[in-house]
Each structure stands twice: as C-alpha cells, then as structure tokens.
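**Q** One structure is given below, represented as structure tokens, and several questions about it will come after.
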Amino acid sequence: MSGGGIRPLHSFTDEARKTLKNRQLRANLGFATNTICDKRQRAVDELEDWESLRGDAAAIKDEALANLAENLVKLEASVEAAGGKVYWARDAKEAVELVAKISLAHGASEVIKVKSITSDEIELNSSLAGYGISAIETDLAELICQLAEDAPSHILVPAIHKNRTEIRELFERTLGVTLESNEPRVLAEAARLYLRHKFLTTSVAVSGANFAVAETGTVAIVESEGNGRMCLTLPKVLITMMGIEKVLPQWQDVATFLKVLPRSSTAERMNPYTSMWTGIHRGDGPEEFHLILLDNGRTHVLADQTGRQTLRCIRCSACLNVCPVYQRVGGHAYGSVYPGPIGAILTPQLLGMEHEQANTLPFASTLCGACYEVCPVKINIPEVLAYLRGKTDKELSESVVMKTIAHAMLMPRLFSIGLRASRLGKSVASGLGLLRGWADSRELPDIPEQSFRDWWRNRG
Ligand code: SF4
C-alpha cells in the first residue's frame, strides 16, 4: 500500500509528550481554536436547516463514493471535452513525476502554488526540488511555514502555532525587509509585495481542488486571500492535482457544499473567493489545463465499509478546533499533514494499520464525540477511531485482560483467588507490559490488603 509523503516518523504518544511542554504553543492554539469555534457556532446557528444540510452533504458524498469509478471516468470525459488533459496517478511518485514533466516541458524552474494539502501529502515541494523546480507557496500561512522551513500544523490555518512577533522576525530574516510593527496589515503587505512579483512572472501554477463535477468537468477552489484566483488565472499553464474522493456527480451538488464548507471552516456565510473553471477558454485564463487524479491509498479506504466514510471529508478543519487533544498538543504531534481527529483516522487508513507510527494515531482521542457533532458531512469519527483501535495489537492486549477479568467475576471462587493474586498480578501485568497504553493514561488503584469479602467473613 502506498501512502506517499504522510508517513509519521514518530509515535503520537512520544511527540505529544514533547509538545505538551510548549506553553507558548498551547497559548497560541488555545486562543485561535476557541475564537474559531465561537465564530463557527454563531455562523451555524444562523441556519435553521443546518442539520438537514449536513444530512444532504453526507448523502451526496456517499453517492459519489458508491459510484466513484463511474464518476471519475465521466469527469475525465467532461474535462477533456472542454480542452483539458486528465492523468491518473496511483501514488505520490507518479503524481510528482507528472507535475515535474509538465512543468519542465514549459521550461519552468519555478511554479506558484495554491494551498493544497494533497500536494503536502505527496511532499510535492521537496520532490520537485529534486527536478530543479522551486515551488512557491502563495497562501500567507503556507508561505510563513515555507519560509520558516516548518510543517503546517492545521488544515486551514497552517501557521496557527506562530504568533505575530514570530512572523515579523521571520519576514525580516527571510525576505530581507524591515517592518515597522507586527500589525497584521504590515505583515500582509510584506507578503503581498513578495508574492505579487511571483504571480506576474511565473508561467506554471499548481493547485489542489475542493470539488470537481463529473457532469460538467468544472473544478472549484474556495479561498480567502485571492492568491488562489491569481494562480488560477495569470499563469499560462495550470496543473490541478486532486484526490479522487473530491469528485461530485452533478453541478447542483456544489451548492450544498458552498453552504456547509465556509461556515464550518472560516465561520463565514460564503467564501471571499470561489473560483470555478471548466477546461480552457482562449484569451481567458490559462492556455493549458492539466488535471491529475490521485489515488495514493484512497481506494483501500473506499474498500472498507466502516472506514469509507472518512473519504467524505471536505477538509473544513472544524473537528480539529473542537478537539480537546488537538487543542493541547497541536498539529505537529500527529506527524502527518492531516492532524487532529480527521488525521487520526485518515492517515492510518491511507498508510495501513500495520504502519508502526500511524497506528498510534487512533489513540489520539478521548472519544468525546465533539468532532462528530461539528462535522458538516457527518463522519462518525469516534466510530472509526474505535474500529481502527480494534485492529491494533495494543487494543488486543487490553481486551484480553478485560475479558479475563469479566470471566473471573462470574465465578465467585475464581474471583476470590484472583483478588488475592491481584496484588502480585498488578505488578506482573505491568512488568510484562500487558497494561501498556491502558495504564499510561490511567492510575491503577492500590489493591487493599483485605478484600471486602474477607472483611465480611471475618467481621466477628
Ligand atoms: S472530518 Fe469533518 S469536521 Fe473534520 S475536516 Fe473533515 S469534514 Fe471537516
């Protein structure tokens, strides 16, 4: 199985221990996530039919996934009929090769990028560097991460772990500018001046996609800064790479997602920039449009009846913001471009539960259910987490211990012997590592010298 560039290099537990000690990170995260959560709630409360919209969005995605092969073939035909070219990439390697080949065919040593988690998933930027191509991020937060040589830590707000003072220092150091303050206006202006030159001089742009409509061949990107619109309209060549789960069957399906996505992500009624294009149009926008359809483990997820709902995800990030675990450990602890609750179920499924680090991710949750309540496409994340935990050895050792205890409690004599043995058993079980994981986050009580049964019998 191929999961491309999302392989965590460490276990969640190990990394979370480190990030928990970073008080600045927790302060930045706490402030940002609480603000976004409050705003989201207000935006959602404005709609009386929010719950039915969630149901509609989930149903559309389920239908799209149930007929995924048909929808993709239809999308290919629609895009090509409108003058675009479509490619199929099984994994990260094939996708990177395609982007590099198209870029080099146009003599590009630099490409500009619209924020795309799918491109982060396949480590596009570092891989393109191997072909002599520099990839320039144009989303402000992605640019901050790129200049800091830091990984994004949030789906929607990649630089959520950095504050304004840190960003000012970064810009002064990397862009060679002197800034009068760390006000957002000043920081944004510095980035704008740097990026404007790139928009006007680069001939190839690379984007992801929020949706693609099989019926019409239309691709859609929603964003807040206008950098996406620049990338999608100014360069001569546009390369879009999308995960195969982004396809929607019909044009009218887009309307539902344009209602639920902005409220769930940026807590807005609509996105400031919604760009849609269908193939190419002479004299208007790029002269060439290339669409790469990426699998990279998604068909394995699709084949799993319980895990399949994960592919409904529209990357709104609402589940990250409400998650008590994410709020405390931050995105880097997940070791993957997909952090938070969605990362805890998507990454191990894309990579396979046999992956030693990824299979720690389903344990990065309290199973409180807050993520399920806010998810606009009703992914039952706790259900998938519990299902994935059941596939690990760790869960197996816990369940063997619990089943043994349950069995003993049904047999009074055995239970009594067991209690006496438990003082010894506790240390033996701990010593053998049988309770590892379960006891890491819980305190086992001391076993009293005298059991209740013994006390009752001897009470005189
Ligand atoms: S799982 Fe749901 S809430 Fe989380 S990012 Fe995906 S769509 Fe949004």
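A short reminder: the numbers here are calculations on the coordinates, not readings from a lab. Remember, it's a predicted structure, so these values are computed and weren't measured experimentally. Glycine also receives a Cβ, built like all others from the backbone with ideal geometry; neighbour counts cover every protein chain displayed.
**Q** Taking 30 Å as R0, compute the FRET efficiency from the Cβ-Cβ separation of Asp49 and Met276 and round it to 0.05.
**A** It comes out at approximately 0.80.
**Q** In addition: Calculate, in nm to one decimal, what Arg459 and Arg185 gain on full extension: separation in residues at 0.36 nm each, minus their alpha carbon distance.
**A** Answer, rounded to one decimal: 90.9 nm.
**Q** Quick one: in the chain, what % of C-alpha pairs are over 30 Å apart?
**A** That tail contains 49 percent of the Cα-Cα pairs.
**Q** Taking R0 as 41 Å, what's the FRET efficiency between Val177 and Ala105 from their Cβ-Cβ distance, rounded to 0.05?
**A** It comes out at approximately 0.70.
**Q** Can you give the FRET efficiency for Arg269 and Arg192, using 1/(1 + (r/R0)^6), R0 = 25 Å, r = Cβ-Cβ distance, to the nearest 0.05?
**A** It comes to 0.50.
**Q** Let me have the relative contact order for the stretch 219-278, percent, based on Cα pairs under 8 Å that are six or more residues apart.
**A** Computed value for the stretch 219-278: 63 percent relative contact order.
**Q** Now a separate question. If each DSSP helix of 4+ residues adds -39,500 (n - 2.57) and the sum is divided by the residues in the chain, what number results at 222 nm, nearest 500 deg cm²/dmol?
**A** -15000 deg cm²/dmol
**Q** Can you list the residues, at least 5 places off or on another chain, whose amide H is less than 5 Å from the amide H of Leu248, using H built in the peptide plane?
**A** Under 5 Å from the amide H of Leu248 lie the amide H atoms of Ala212, Val213, Ala214, each far enough along the sequence or on another chain.
**Q** Could you point to the residue in Val260, Thr218, Leu200 farthest towards the positive end of the stretch 200-289's charge dipole, with +1 and -1 charges on the Cβ of Lys/Arg and Asp/Glu respectively?
**A** Projecting each Cα onto the dipole axis, the largest value belongs to Val260.
**Q** Using alpha-carbon pairs under 8 Å, 6+ residues apart, how would you state the relative contact order of the chain in percent?
**A** Over the chain, the number comes to 23 percent.
**Q** Beta carbons within 10 angstrom, averaged per residue: use that to sort the peptides 163-175, 77-89, highest first.
**A** So the peptides 163-175, 77-89, ranked by packing, come out 77-89, 163-175.
**Q** Using +1 at the C-beta of Lys and Arg and -1 at the C-beta of Asp and Glu, which of His332, His154, Pro448 has the Cα lying farthest in the positive direction of the dipole of the chain?
**A** The one lying farthest along the dipole's positive direction is Pro448.
**Q** OK, next. Going by a 4.7 Å Cβ-Cβ cut-off, which cysteines of the chain have no partner at all?
**A** Isolated Cys, the chain: Cys37, Cys145, Cys231, Cys313, Cys316, Cys323, Cys368, Cys375.
**Q** In nm, give the distance between the simple-model label positions of Gln450 and Glu70, each being 7 Å from the Cα along the Cα-to-Cβ direction.
**A** Going by the 7 Å Cα→Cβ label model, 7.4 nm.
**Q** If you count, for each residue, the other Cβ atoms within 10 Å and average over each peptide, how do 374-383, 338-347 line up from highest to lowest?
**A** 338-347, 374-383
**Q** Cross-link list Lys115/Lys246; Lys93/Lys391; Lys162/Lys378; Lys113/Lys378; Lys21/Lys391; Lys93/Lys378: which exceed 26 angstrom alpha carbon to alpha carbon?
**A** Lys93/Lys391; Lys162/Lys378; Lys113/Lys378; Lys21/Lys391; Lys93/Lys378
**Q** Here's a follow-up. Quick one: dipole size for the chain, taken about the Cα centre, charges +1 on Lys/Arg Cβ and -1 on Asp/Glu Cβ, in debye to the nearest 20.
**A** The calculation lands at about 1500 debye.
**Q** Of the DSSP beta bridges with both residues in the stretch 4-299, give the percent that are antiparallel, rounding to the nearest 5.
**A** About 25 percent, rounded to the nearest 5.
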